[in-house]
2 protein chains.
Amino acid sequence: MKQAEEKFTDYLKRKNHYEQLVGLMIWDARTGAPIGAVEQRADVMSTISSDIFSMTTSPELKELIDELKTKKDHSAVLNRAVEEAEKAYNRNTKIPADEYAAFVRLQTNAEAKWEEAKRENDFDIFKPYLKELVAFKKRFITYLGYEKHPYNTLLDDFEPGVFTDTLDAVFSELKSHLIPLIQRVSASKHQPETTCLFKHFPKSDQEKLSISFLKTMGYDFTKGRLDESVHPFAIGINPSDVRVTTKYNENDFRVALLGTIHEGGHALYEQHIDENLIPYNLARGTSMGIHESQSLFWEKFIGQSYSFWEVMYKELAAHGTGQFDQVPLDDFYFALNEAKPSMIRIEADELTYCLHIILRYELEKGLFEGTIEVDELPKLWNDKMEEYLGIRPDHNGEGVLQDVHWSSGDFGYFPSYALGFIYAAQINQVIRKEIPDVDDLIRSENLEPIREWLTEQIHQYGAVKKPKELIAAMTGGGIDPQPLIHYLTEKYTRLYQL
Amino acid sequence: MKQAEEKFTDYLKRKNHYEQLVGLMIWDARTGAPIGAVEQRADVMSTISSDIFSMTTSPELKELIDELKTKKDHSAVLNRAVEEAEKAYNRNTKIPADEYAAFVRLQTNAEAKWEEAKRENDFDIFKPYLKELVAFKKRFITYLGYEKHPYNTLLDDFEPGVFTDTLDAVFSELKSHLIPLIQRVSASKHQPETTCLFKHFPKSDQEKLSISFLKTMGYDFTKGRLDESVHPFAIGINPSDVRVTTKYNENDFRVALLGTIHEGGHALYEQHIDENLIPYNLARGTSMGIHESQSLFWEKFIGQSYSFWEVMYKELAAHGTGQFDQVPLDDFYFALNEAKPSMIRIEADELTYCLHIILRYELEKGLFEGTIEVDELPKLWNDKMEEYLGIRPDHNGEGVLQDVHWSSGDFGYFPSYALGFIYAAQINQVIRKEIPDVDDLIRSENLEPIREWLTEQIHQYGAVKKPKELIAAMTGGGIDPQPLIHYLTEKYTRLYQL
């Protein structure tokens, strides 16, 4: 038995090494790889991805899985690793290898085409690729089968065990509270004065602050680096190599500053996963939603908290160009938390954010149940924006083309963002019970106890514990949108004097 | 037969894809990968390297090679690919795997010990490791066999087909001309005033000039990028992804500017190799010497030519901080081409450079024919420095310990540096016959015809044609030091008014 376990972890470690290379290629492609090398890179990505695919589907692995399953007294970690390997084996043996390789190749090309389409503001450039991506995924669902709703098969890739029935219920509860709240906020006579947010803020100063914030959060620069990219992201190549990117807008410092805190939250998760989980292929986030709960916890419940700015406002002002000189902290804080419907999800405020997600969820669900066609997406997108947020995109660049996700075939991904916010609010509620002096810690720039609590409850386990287990262990309950609804209602009623 | 060829190129393409990933890892490690990730990266590198090794030694490959060899009417490209694959197979299977693994372990330790020895200025720290490295390599030569001279087997790794008989003849001809020429230069009363070279030159201006020079050379930024690194290098991940690095010294602009032109020369070679050679594993430089001929052609025969500075000096001065205001072009040009014996090879000027190489060649050859022992190296090194360049190192740190190459067991590598310069001078002579207005082209910043000529004669073929074939096709003759001797004699007689 010992021998089988060793062979099994050797196999998983090898797979992890290949996946680290995929991670490096992705990071490289998004931070300045030569544009002319896209095609060659797609070839290499296809080779390595199909090697990983072969590993997850090899008969030798299947034998090891079967052998390890005959005995039940393994560690929890080994059991979980076997379970995951078996799930992957089952998924991947049902999709024909050559079809999967073609899909991977399409992904890389489609991402380049999406970039072009977005730059040119022309959905038609991207449309044929999107259609192909959807067609591939529909065929994959046919191969894999589904329970209750075809879209559930896609959801399961990102948030295991959370399906359309849960999402329909949770999202409709959110909608029923948020749409009227947003309307009241928009109608309020008490509105923030936001001009200080949009004055010139030098890029080099934003960069210095971004680095300083990351350090305050506990991000370890000896195990990571900060770069610039069109679409900011964090990527954990392994727990000792977790890279963050941001983007600088000299007329809106929030993009970089809050964006960096957000990606930093993802990065803290990846940097604090137990390295001993690498040979079990479990040194990764357990789900997209839990991952997003980490980024959103730091961005919203720390970075947009009043106590954070009580201590940081002076530093911010020192790096600006005088725009905050006449602005009292309370006015700045109100401005920073302005809630106002806007076109771009990644720039959306916390009050309207979930509706951006619910819109995408409904479109994706429609695509995969066959009630919506790709051609209809631009119009439906705009219609829903108008219905939920009362605004309509002028062009597809600020509408259907805004996100990278679909260009890599990541359907079923978006709901995790809203789940992440829901989880984050649940975590925030618990953390403020268990560490009663959270605001004092923030004001003294001592965030280590908070980071440690998160590491102890979440980070260290990597993918050993599933989302619902983590939530249950922390809260004693299940997925619950009420803490989020409560947080938003309380905060925005107060700020806007409703 | 068709089927065997297809299987064979599939195999080679796959190997190339893995090698592209090694290239990406190397580039990443040298341009800012997190320091804390070194250990994980070494694990991944080890996995992928042993995969490549397995590919080159697989029985399936051997069968394909044998099958393809039974028929002789293949294309020249396929024949060459089979020859190379067989050479690699033989090399990698003749050395016992455990002995090779022990050698790799020794390399890592020896490199660390060399660093320590160099830091401590103490050859004795490195000596036992160097002895072991030499012993390993001698055994490897026994396993691999050799023709005429045991050192030839090592030379063949870097400069296929160029052996001790050629090198003895060529190097002794060089010595007989260069030693007296250097003595006359050193004795000349007419010496350059070089202070303008060492005044403050802002890094951002050096960067702008580096980019501008690369563009003028024809380096394609859509298929590459320029970064910073401690040791400048060019790396061809594939012909559409060829990256260059440089290093900026604000007190010596030449490091970045001439260094960038040098690496740009390497990069032009890699960018213009026919992409169709990838599946034959021939989309790479054909030898170290030919590669170096490309970097040195651009650095010495373009970047250090008078006509280049006739057009570029104004631009250089505009980016400087006034240091060139009182310096006429001729004085600047003399300073830039100062020739003066110095201890360190990588800082040597073009006149003295080859003697640094010849010294190393003679020592290496002696080691492997058994006429020189490792213990004797420091004294022999210093004696030869005195004999060839008239200077004697004060300590081994600026003598026998200065280069990294021996610590990783790279014997047989050094001669390629001098061969590269000899080739470059031969190429320069031909090019100036075939394109009679080279200086006019340089003065009009139209270097495209020169780059095109090099692509047609050299670049496009990748590793299809061997060094001697390329030289013969261009010059109608063999490896000939006379063009280099002529170039140096003419230039330095004129500059130093001999």
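The values are calculated or read from the model by the stated rules, or taken from the named source; none is laboratory data. All values reported here derive from a predicted model rather than from experimental measurement. Cβ: placed from backbone, ideal geometry, glycine included. Neighbour counts: every protein chain shown.
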> How many residues are under 21 Å from residue B:191 (Cα atoms), not in a helix (DSSP H, G or I) and not aromatic (Phe, Trp, Tyr) if we restrict to segment B:303-341?
Replying inline: 12
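Can you find a residue in segment A:433-446 that is of a type in the set (Ser, Thr, Tyr) and assigned to a helix (DSSP H, G or I)? Please lay out each step first, then the result.
Keep residues of segment A:433-446 that are of a type in the set (Ser, Thr, Tyr), which gives A:444.
This time we only want the ones that are assigned to a helix (DSSP H, G or I), so: none.
No, there is no match, as no residue in segment A:433-446 is of a type in the set (Ser, Thr, Tyr) and assigned to a helix (DSSP H, G or I).
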> residue A:437 versus (1) modelled with pLDDT under 95; (2) closer than 30 Å to residue A:125 by Cβ: which is the lone unmet condition?
Replying inline: (2)
> When segment B:376-412 is examined, which residues are found to be hydrophobic (A, V, I, L, M, F, W, C), more than 14 Å from residue B:362 (Cα to Cα) and more than 17 Å from the chain's Cα centre (by Cα)?
Replying inline: B:389, B:391, B:401
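Of everything in segment A:364-380, what is under 23 Å from residue A:169 (Cα atoms) and buried (at least 20 other Cβ atoms within 10 Å of the Cβ)? Give them in sequence order. Break it down stepwise before answering.
Applying the first criterion (under 23 Å from residue A:169 (Cα atoms)) to segment A:364-380 yields A:364-372, A:380.
Correct list: A:364, A:365, A:367, A:368.
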> Quick check, is residue A:403 in contact (Cβ under 8 Å) with a residue 24 or more places away in the chain and among the acidic types (Asp, Glu)?
Replying inline: yes
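How many residues, within segment A:270-302, are assigned to a helix (DSSP H, G or I), more than 19 Å from residue A:415 (Cβ to Cβ) and out of contact with any Asp or Glu (no Cβ under 8 Å at 6 or more places or on another chain)? Even if it seems obvious, please write down each step before you answer.
We begin by selecting, within segment A:270-302, every residue assigned to a helix (DSSP H, G or I); these are A:270-271, A:275-280, A:288-302.
Those still in the list that are more than 19 Å from residue A:415 (Cβ to Cβ) too: A:270-271, A:275-280, A:298, A:301-302.
Adding the requirement that they be out of contact with any Asp or Glu (no Cβ under 8 Å at 6 or more places or on another chain) leaves A:270, A:275-278, A:280, A:298, A:301-302.
Summing the residues that are assigned to a helix (DSSP H, G or I), more than 19 Å from residue A:415 (Cβ to Cβ) and out of contact with any Asp or Glu (no Cβ under 8 Å at 6 or more places or on another chain) in segment A:270-302 gives 9.
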>> Among the residues in segment B:100-121, are any farther than 22 Å from residue B:407 by Cβ and assigned to a helix (DSSP H, G or I)?
In response: no
> Looking at segment A:392-416, which of its residues are surrounded by fewer than 23 Cβ atoms within 10 Å (Cβ to Cβ) and either part of a helix (DSSP H, G or I) or touching a Gly at 6+ places or on another chain (Cβ under 6 Å) (or both)?
Replying inline: A:393, A:396, A:397, A:398, A:405, A:408
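Test of understanding: among A:133, A:106, which residue is more than 14 Å from every other protein chain (Cβ to nearest Cβ), over 25 Å from residue B:23 (Cα atoms) and surrounded by 15 or more Cβ atoms within 10 Å (Cβ to Cβ)?
On the way: A:106 fails: over 25 Å from residue B:23 (Cα atoms).
Result of the check over A:133, A:106: A:133.
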> Which pairs do you get when a residue that is closer than 9 Å to residue A:498 by Cα, found in segment A:178-190, comes within reach of a residue that is of a type in the set (S, T, N, Q), reach meaning Cβ atoms under 7 angstrom, with the pair 6+ apart or on two chains?
Replying inline: A:188/A:497; A:190/A:497
>> Restricting to segment A:461-476, name every residue that is in contact (Cβ under 8 Å) with a residue 24 or more places away in the chain and not hydrophobic (A, V, I, L, M, F, W, C).
In response: A:461, A:462, A:465, A:466, A:467, A:468, A:475
> Mind checking which residues of segment B:215-236 are facing chain A (nearest Cβ under 10 Å) and either surrounded by 20 or more Cβ atoms within 10 Å (Cβ to Cβ) or in a loop (DSSP other than H, G, I, E, B) (or both)?
Replying inline: B:220, B:223, B:224, B:225
> So, in segment A:35-82, of the ones that are acidic (Asp, Glu) and within 12 Å of chain B (Cβ to nearest Cβ), which residue ends up nearest to residue B:225 (Cα to Cα)?
Replying inline: A:39
>> I'd like to check something: does segment B:226-247 contain any residue that is more than 19 Å from the chain's Cα centre (by Cα), under 22 Å from residue B:458 (Cβ atoms) and of a type in the set (Phe, Trp, Tyr)?
In response: no
> Can you name every residue in segment B:10-31 that is surrounded by fewer than 19 Cβ atoms within 10 Å (Cβ to Cβ), facing chain A (nearest Cβ under 9 Å) and touching a residue at least 60 places away in the same chain (Cβ under 8 Å)?
Replying inline: B:13
> Of the residues in segment A:477-493, how many are in a loop (DSSP other than H, G, I, E, B), farther than 30 Å from residue A:280 by Cβ and free of Cβ contacts under 8 Å to residues at least 60 places away in the same chain?
Replying inline: 1
